[in-house]
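Working notes for the structure below.
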Amino acid sequence: MIDPRSPAAFHAEQALLPQGWARDVRLQVSQGRISAISSGQPAQAGDERLPILVPGLPNLHSHAFQRGMAGLTEIGGGDGDSFWSWRELMYRFLAHLHPEAVEAIAAQAYMEMLESGFTRVGEFHYLHHQADGQPYAERAEMSARIAAAAAQTGIGLTLLPVFYAHADFGGAPPNPAQRRLIHDVDGFAQLLDGARHALATLPDAVLGFAPHSLRAVTGEELAALLPLNAGPVHIHIAEQVREVDACVAWSGQRPVQWLYAHAPVDARWCLVHATHITDDERASIVASQAVAGLCPITEANLGDGLFPMQAFAREGGRFGVGSDSNVLIDAAEELRLLEYGQRLTLRGRNMLAPDATRSSGRYLYEGAVNGGAQALGVAAGLQVGASADLLALDPLHPALVGRSGDALLDSWIFAARNGALRAVWRHGRQVVADGRHLQRDAITARFAQALRGVLG
Ligand code: ZN
């Protein structure tokens, strides 16, 4: 039987391929993956016909449950309000979450990601235990809830279970607000086994893991964790000046400096934020081919500071974007804000595109597709063997009318607000039509019910 939501072939008038824009592209799909691509081809009967096709964007850093507290931490706190006071509120919210609520909130977040153009999420998942800190009967219960939310929405999942053991540098004991997060190395190995099992029914899930930060993991623990799993390794690093100062006070080294001196950082790694770095630290990241995981909306919301993106881009650094706290889920806005942060501080325009062969939108989009895929452990973009994660832009959207090629990306990212993304296929199956997720009503109703319970 032919499933109308899973066409065997697509035909696009224009498509962004790894080698650039191409016309009359025919793309065949088998078992969710791209099996053939050719350009200059006529459409055939039964093809799903698209005017504008671009690859789905990876979202390399998310804490899905935080979508449920979006907008609840914007009250003036005087001079003391900061990332750290935000974190206190986050811990209070987290204390009320039960597995059903986590699944419902994650489904809402993943649905919004798909509607905005993110087709795979790197879930940096640290809420593991019951409210009193005891593991659930199934240790990976919460990981299974994340997997269930991915299954319901259809989003691609790279699950990054988080190892968290300490409250501060040097192995300080965790504080009570962190008890739902804590593991020792043996318990974490069990968690990874459970998470592997939880992902088994998803078509193309990837398992990595995440030592939370250098505050939460010691050097000995990091060395013991790395052999436990071959997938991607993500870590929060150098997000806050206070964190950098504490690391220097503890070790005499800055966080990125310490990490490169003590761990085999390579292309398997994603350094999330890396906001506060020296020129030497930046050079280390570029040379290692690790991905810088940038989260411009959240970094702005939390007052983190600005990653030195222009210098990093000019040196060929690899990057991707993440929605992190999910205070607002908008793929195009993450890219827009990444560029605008540089324009505002460096006082110029088009600060990241290397030369006239790439527009800003093209540079940002391609960079985030390639770096995001690397960080999430999958093949990037529209190529044979990659998952068929496809976005159809609307040529009739006022911001896109009369455009072609790079101007389509520039206009979507810088000029379209929303509504420019018309349809999304994930692993070959349609999940968004006319800008709406196909299960939006059910997912939103369940989210609303869960959230009333948690906030009530
Ligand atoms: Zn984060």
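The values are calculated or read from the model by the stated rules, or taken from the named source; none is laboratory data. All values derive from a computational prediction rather than experimental measurement. Using ideal geometry, Cβ is built from the backbone for each residue, glycine included, and neighbour counts are taken over all protein chains shown. When the accessible area is computed, the model is the full protein with side chains, heavy atoms only, and any ligands, DNA or RNA have been set aside. Shrake-Rupley method; radii C 1.70, N 1.55, O 1.52, S 1.80 Å.
Quick notes on this structure:
- Single condition V272 does not satisfy, out of (1) surrounded by fewer than 24 Cβ atoms within 10 Å (Cβ to Cβ); (2) closer than 26 Å to A379 by Cβ; (3) not aromatic (F, W, Y): (1)
- Among (1) in contact with a Pro (Cβ under 9 Å, 6 or more places away or on another chain); (2) of a type outside the set (D, E, K, R); (3) part of a loop (DSSP other than H, G, I, E, B) - the single one G303 does not satisfy: (1)
- Some residue of region 400-415 being outside any helix (DSSP H, G or I), among the aromatic types (F, W, Y), within 22 Å of the chain's Cα centre (by Cα) and at pLDDT 95 or above: no
- Pairs are defined by a Cβ separation below 7 Å, a sequence spacing of at least 6 or placement on different chains, a first member in region 312-323 that is open to solvent by less than 50 Å² (accessible area, probe 1.4 Å), and a second member that is more than 16 Å from the ligand (Cβ to nearest atom) and assigned to a loop (DSSP other than H, G, I, E, B); the pairs so defined are A313/L352.
- Condition check for G317: at positive phi and more than 14 Å from the ligand (Cβ to nearest atom): no
- Assessment of region 82-104 against the conditions (touching a strand residue (DSSP E or B) at 6+ places or on another chain (Cβ under 6 Å), open to solvent by less than 30 Å² (accessible area, probe 1.4 Å) and closer than 22 Å to F319 by Cβ) yields no matching residue.
- Selection count, region 260-275, where residues are out of contact with any Pro (no Cβ under 7 Å at 6 or more places or on another chain), within 16 Å of the ligand (Cβ to nearest atom) and either of a type in the set (D, E) or within 18 Å of A287 (Cβ to Cβ) (or both): 3
- Filter result for A267 (under 25 Å from G377 (Cβ atoms) and in a loop (DSSP other than H, G, I, E, B)): yes
- Options Y136, Y126: the member that is hydroxyl-bearing (S, T, Y), surrounded by fewer than 24 Cβ atoms within 10 Å (Cβ to Cβ) and more than 29 Å from F319 (Cβ to Cβ): Y136
- In this entry, E243 passes the filter for residues that are within 14 Å of the ligand (Cβ to nearest atom) and assigned to a helix (DSSP H, G or I).
- Residue match in region 5-21 (condition: touching a residue at least 24 places away in the same chain (Cβ under 8 Å), within 30 Å of Y126 (Cα to Cα) and not polar (S, T, N, Q)): no
- Filtering region 276-305 to residues that are more than 16 Å from the ligand (Cβ to nearest atom), among the aliphatic types (A, V, I, L, M) and in contact (Cβ under 8 Å) with a residue 24 or more places away in the chain leaves I277, A283, I285, V286, A290.
This table checks each residue for (1) buried (at least 21 other Cβ atoms within 10 Å of the Cβ); (2) outside the structural domain of G435 (by TED's automatic domain parsing); (3) within 21 Å of the chain's Cα centre (by Cα).
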| residue | (1), (2), (3) |
| --- | --- |
| S288 | no, yes, yes |
| P296 | yes, yes, yes |
| L302 | yes, yes, yes |
| D330 | no, yes, yes |
| L344 | no, yes, no |
| Y365 | yes, yes, yes |
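- Hey, L50 open to solvent by less than 30 Å² (accessible area, probe 1.4 Å), more than 16 Å from the ligand (Cβ to nearest atom) and in a strand (DSSP E or B) or not: yes
- So R336, is it more than 22 Å from G117 (Cα to Cα) and among the basic types (K, R): no
- Residues (surrounded by fewer than 24 Cβ atoms within 10 Å (Cβ to Cβ) and either within 14 Å of the chain's Cα centre (by Cα) or away from the ligand (no atom under 16 Å from the Cβ) (or both)) located in region 54-74: H63, Q66, G71, L72, E74
- Test for S359: is it within 16 Å of the ligand (Cβ to nearest atom) and of a type in the set (S, T, Y): no
- Hits in region 270-300 - residues which are in a loop (DSSP other than H, G, I, E, B) and among the β-branched types (V, I, T): T275, I277, T278
- Of all the listed residues (E115, E74), the sole one being touching a strand residue (DSSP E or B) at 6+ places or on another chain (Cβ under 6 Å) and acidic (D, E) is E115.
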